[in-house]
Amino acid sequence: MRDTFSSKLVDLAHSDPKLLLLTGDHGYGLFNSLREARPQQFINMGIAEQNMVGVAAGLSRVGFKPIVYGLSAFIPIRVLEQIKLDVCHDNLPVIFIGDGAGFVYSHLGTSHQSTEDIAVTRAIPNLIVMSPGDRFELARCIDLAYDSNLPVYIRLGKADRGDVHSKNLIFNLGDLIHLKEPDPSDTRVTLVATGSMLKMASLLCESFPSLGLVSAPSLKPINARHIKDLCEKNHTIITLEEHSIYGGLGSIISDVAASMSHATVKKLGIQDRFSEHCGSYEYLLSEHKIDFESLKVEIYNCIYSSEQAAG
């Protein structure tokens, strides 16, 4: 995903001299190609993220198209006030890239683990929120963000779990992407995943062939009609995210599904607690029970419960 992000930046910078990449002293290797090809469009703002957002807002007012990059614990978490007031209040075309969302920076502890960024950004008016699951979704999200001329937050899980799609995608803001339909003769359970959990969801579907699979790369806006269709076609919808169960994908789906009488929503994600220990990325997934084996048990129980409810 990071290679795709880097190459998309270079392509956009070549096509639009008004594009500027602002970084808070991060991503040197990631931006080598951009610095070599278009050095005048790369600005290292130093460890001053709040100032960086203000500068991006000012640059956008005079016709530039700023992309603001940082670790998701800093962009957007550290700079929420500046994103809200400097950019979103006046609906300025600034794209925020939060890299390493979730538990990727596992050894650096809670200060560098961002598990609440979807919840807080989707509550800010005018801000689009995206969470691509692989490089094909990311490429389309960047195009949508750039063409929107609106404030956008794109959440990246730095741990590249591999591709789920096999070709370039065309989807619109808010669309859900149906990858696999549930078995209509079985319990009609569909797994809806976003971001880094999309690959995990695709592997889980190999263990449970009757499961449906849907990707949610665009979280705000989200197509309510697509969610209502899911509710009508399924007994149970399971949401999966490397984010708190409060305010993320599960909450978004539940908000719409609450008006539907026939579908149960089960939210799988990070419970309301901090990590107890530091360790590897895989260790933290296991501690928070969003690793493959823990999720297999949860999904089995969901399917069993759905079978019981269906009679």
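The values are calculated or read from the model by the stated rules, or taken from the named source; none is laboratory data. Keep in mind that this is a model prediction, so the values were computed, not measured. Cβ placement follows ideal geometry from the backbone for every residue including glycine, while neighbour counts extend to all protein chains displayed.
In this structure, does Glu307 turn out to be modelled with pLDDT of 90 or more, surrounded by fewer than 19 Cβ atoms within 10 Å (Cβ to Cβ) and more than 19 Å from the chain's Cα centre (by Cα)?
The answer is no for Glu307.
Could you run through region 219-250 and say how many residues are acidic (Asp, Glu) and out of contact with any strand residue (DSSP E or B) (no Cβ under 6 Å at 6 or more places or on another chain)?
Of the residues in region 219-250, 2 are acidic (Asp, Glu) and out of contact with any strand residue (DSSP E or B) (no Cβ under 6 Å at 6 or more places or on another chain).
Looking at (1) farther than 30 Å from Ser286 by Cβ; (2) among the polar types (S, T, N, Q); (3) in contact with an Asp or Glu (Cβ under 6 Å, 6 or more places away or on another chain), which is the only condition Ser244 fails?
With respect to (1) farther than 30 Å from Ser286 by Cβ; (2) among the polar types (S, T, N, Q); (3) in contact with an Asp or Glu (Cβ under 6 Å, 6 or more places away or on another chain), Ser244 is out only on (1).
Return yes when Arg273 is surrounded by fewer than 20 Cβ atoms within 10 Å (Cβ to Cβ) and within 25 Å of Ser72 (Cβ to Cβ) and no when it is not.
When the stated conditions are applied, Arg273 passes them.
Name the single residue that is surrounded by the most Cβ atoms within 10 Å (Cβ to Cβ) among those in region 130-140 being of a type outside the set (A, V, I, L, M) and in contact with a Leu (Cβ under 9 Å, 6 or more places away or on another chain).
Ranking the qualifying residues of region 130-140, first place goes to Ser131.
Results for (1) in contact with a Ser or Thr (Cβ under 9 Å, 6 or more places away or on another chain); (2) modelled with pLDDT under 95; (3) closer than 18 Å to Thr115 by Cα, shown as yes or no for each residue.
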position	(1), (2), (3)
Leu204	no, no, no
Lys233	yes, yes, no
Ser244	yes, no, yes
Gly248	yes, no, yes
Ala257	yes, yes, no
Lys266	yes, no, no
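Go through (1) crowded, with 24+ Cβ neighbours inside 10 Å; (2) free of Cβ contacts under 8 Å to residues at least 40 places away in the same chain and name the single condition Ile238 misses.
Ile238 satisfies all of (1) crowded, with 24+ Cβ neighbours inside 10 Å; (2) free of Cβ contacts under 8 Å to residues at least 40 places away in the same chain except (2).
Restricting region 251-271 to residues that are outside any strand (DSSP E or B) and touching a strand residue (DSSP E or B) at 6+ places or on another chain (Cβ under 7 Å), which is nearest to Ala101 (Cα to Cα)?
Per the criteria, the residue is Ile252.
If you take the residues in region 232-250 that are part of a loop (DSSP other than H, G, I, E, B) and farther than 24 Å from Thr121 by Cα, which one is farthest from the chain's Cα centre (by Cα)?
His235
Which residue out of Gly98, Gly102, Gly63 is out of contact with any Phe, Trp or Tyr (no Cβ under 6 Å at 6 or more places or on another chain) and surrounded by fewer than 20 Cβ atoms within 10 Å (Cβ to Cβ)?
Gly63
Yes or no: region 14-25 includes at least one residue that is surrounded by fewer than 17 Cβ atoms within 10 Å (Cβ to Cβ) and modelled with pLDDT under 95.
yes
Can you name the residue in region 147-161 that is over 15 Å from the mean Cα position of the chain (by Cα) and surrounded by fewer than 19 Cβ atoms within 10 Å (Cβ to Cβ) and, of all such residues, is farthest from Gln82 (Cα to Cα)?
Within region 147-161, the match that is farthest from Gln82 (Cα to Cα) is Asp147.
Quickly run through region 125-146 and pick out the residues that are within 17 Å of Ile83 (Cβ to Cβ) and touching a Pro at 6+ places or on another chain (Cβ under 8 Å).
Answer for region 125-146, where residues must be within 17 Å of Ile83 (Cβ to Cβ) and touching a Pro at 6+ places or on another chain (Cβ under 8 Å): Asn126, Leu127, Ile128, Met130, Ser131.
Collect the residues in region 114-146 that are outside any helix (DSSP H, G or I), under 12 Å from the mean Cα position of the chain (by Cα), small (Gly, Ala, Ser) and over 25 Å from Phe64 (Cα atoms), keeping them in residue-number order.
Correct list: Ser114, Gly133.
From the list Asp186, Asp229, pick out the single residue that is without any contact (Cβ under 8 Å) to a residue 60 or more places away in the chain and either in a loop (DSSP other than H, G, I, E, B) or not charged (D, E, K, R) (or both).
Of Asp186, Asp229, the one residue that is without any contact (Cβ under 8 Å) to a residue 60 or more places away in the chain and either in a loop (DSSP other than H, G, I, E, B) or not charged (D, E, K, R) (or both) is Asp186.
Keeping to region 169-187, report how many residues are under 18 Å from the mean Cα position of the chain (by Cα), surrounded by fewer than 14 Cβ atoms within 10 Å (Cβ to Cβ) and of a type outside the set (Val, Ile, Thr).
1
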